[in-house]
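A.B. asks: Sharing a structure, written as structure tokens. Questions coming.
No lab work stands behind these numbers, since they all come straight from the coordinates. Just so it is clear, the structure is predicted and the values come from calculations on it, not from any experiment. Note that each Cβ is placed from the backbone with ideal geometry, even for glycine, and that neighbours are counted across all protein chains shown.
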Amino acid sequence: MRSALLDEFRVNGNKSNKRYELRDIYNHAVEFSGDQHGSRFIQQKLESANSDEKEQIFREIEPNALQLMKDVFGNYVVQKFFEYGSQLQKKILAEKMKGKVVDLSVQVYACRVVQKALEHILVEQQAELTRELEPEILRVIKDQNGNHVVQKIIELVPRQYIDFIMNAVRGQVTPLASHAYGCRVIQRLLEYGTEADKAEIMGELHASAQILITDQYGNYVAQHVIQNGELEDRERIIQLVMGQLLTLSKHKFASNVVEKCIEYGTPAQRTTIREQLTTTGPDGNNPLQQMMRDQFGNYVIQKMLGQLQGEERDLLVEEIKPQFYSLKKSVASRQIQALEKLLGLSGSKSESSTQSDTNSVAEVPSLTHETNSPQTSSPPSTHASAVGVPSTDATDKGSSNPIHGVSVQVQDAE
């Protein structure tokens, strides 16, 4: 049952003739935190509240902090205290998390709070909370929610405090790189690890590069190396791809890696790729025609047309045209329309479809910011809505626990 005050707020909260302030909800902060509209109100007010107002709200929610961290709407209020609270308030909240970091990290809403805490607490507190994950670090890495916490740790916590992460990953790079959530952690280590960390990880990746390039999730790690890796590592993977270009270009997952090679390879490598695509094989088959007919290879051709310039592009266009006219007579598709537009052979205004239309991989969470890898678009990211509206799939984990006798309903975002 909602209180009369919360009912009144839900009815009048957005009306111009009734302006609510934090003092109007004193002694009701916990209930408001567990309500979609009440939570949003508290979040917004905390950003500009004075220290007395914050302290009053904090005193009310402190006994319920752990339950609020796990609540679909309450977690956002706790996050706001890590952002806008006093150093003492942040310390108290961090103390409450002690002994429960693993549980919080794998909980769909609380994992957001853990990430936010890591962004705003002192280094000593970061180290203390992070150490709790050590006994179960591989489980947390592979967890739908926990992997986001591990990514944040790798990004923020000084390296000397997280040796245990590299120790756990050592010898497990290939299976982790092939895992829906582990692949993100490998990418973060390649970004933020020491030079020794990166070299060790790359040694394992190169040993299994052939497998990873064609893997549903491993291809993202290969793409990451091509885009961000050291020159030697990039060259090794690009050369591996070029050695089996036609086969990989027609592969659902590997074709993404081929496109990344085209985009981030050298001009000389793009020339070599063009020559491979336009040279008729000993069996008389034309690679271009095969690629243009293929639902994945077609996008590789589009990427080449988009990346080549000047004479190189003109040469490719001249090779494509005869094949294109022949193909157009027998095939009608969005990919063909896209090629037609890139070739400048039509005034068609139809939009080129993106590769995700047909070359989509299983939906996984891009890192917190990478565009070429599974994104942290899944619910646990602290970059999710900061106004109390959970991601749609966040609710799959179930509703939150009751808060000290207050019935908290999990409501759909409005």
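A.B. asks: I'd like the distance between the alpha-carbon centres of the range 205-274 and the range 1-39, rounded to an integer number of Å.
C.D. replies: Between the Cα centre of the range 205-274 and that of the range 1-39, the gap is 55 Å.
A.B. asks: With the cut-off at 28 Å, tell me which of the pairs Lys18/Lys54; Lys100/Lys142; Lys18/Lys96; Lys142/Lys250; Lys250/Lys341; Lys98/Lys198 have Cα atoms farther apart than that. Could the numbers behind the result be given before it?
C.D. replies: Values: Lys18/Lys54 22 Å; Lys100/Lys142 18 Å; Lys18/Lys96 36 Å; Lys142/Lys250 30 Å; Lys250/Lys341 22 Å; Lys98/Lys198 31 Å.
Pairs exceeding 28 Å: Lys18/Lys96; Lys142/Lys250; Lys98/Lys198.
A.B. asks: In the range 145-235, what GluC sites (Glu not before Pro) fall in a loop by DSSP, with at most 16 other Cβ atoms inside 10 Å? Each step should come with its number before you reach the end.
C.D. replies: Working: sites: Glu155, Glu191, Glu195, Glu200, Glu204, Glu230, Glu232, Glu235; in loops: Glu230.
In loop regions of the range 145-235 (DSSP not H, G, I, E or B), the sparsely surrounded GluC sites (Glu not before Pro) are Glu230.
A.B. asks: Going highest first, how would you order 82-90, 285-293 by mean Cβ packing within 10 Å?
C.D. replies: On the way: 82-90: 16.1, 285-293: 18.3.
Ranking, from highest mean packing down: 285-293, 82-90.
A.B. asks: A further question on this structure: Under the rule a/c < 1.5 gives rounded, and otherwise a/b versus b/c splits prolate from oblate, where does the range 210-314 land using the Cα gyration tensor? Don't jump to the answer; show the numbers that get you there.
C.D. replies: Numbers: a/c = 1.76, a/b = 1.28, b/c = 1.37.
Oblate shape, in that a/c is at least 1.5 and b/c is the bigger or equal ratio.
A.B. asks: Here's something else I'd like to know. Calculate the dipole size of the range 82-164 relative to its Cα centre from +1 charges on Lys and Arg beta carbons and -1 charges on Asp and Glu beta carbons; express the result in debye to the nearest 20.
C.D. replies: On the way: 12 positive and 12 negative charges, 36 e Å.
Computed about the Cα centre, the dipole is about 180 debye.
A.B. asks: Modelled label-to-label distance, Glu155 and Arg131, 7 Å Cα→beta-carbon offset: nm?
C.D. replies: The two pseudo-label positions are separated by 2.5 nm.
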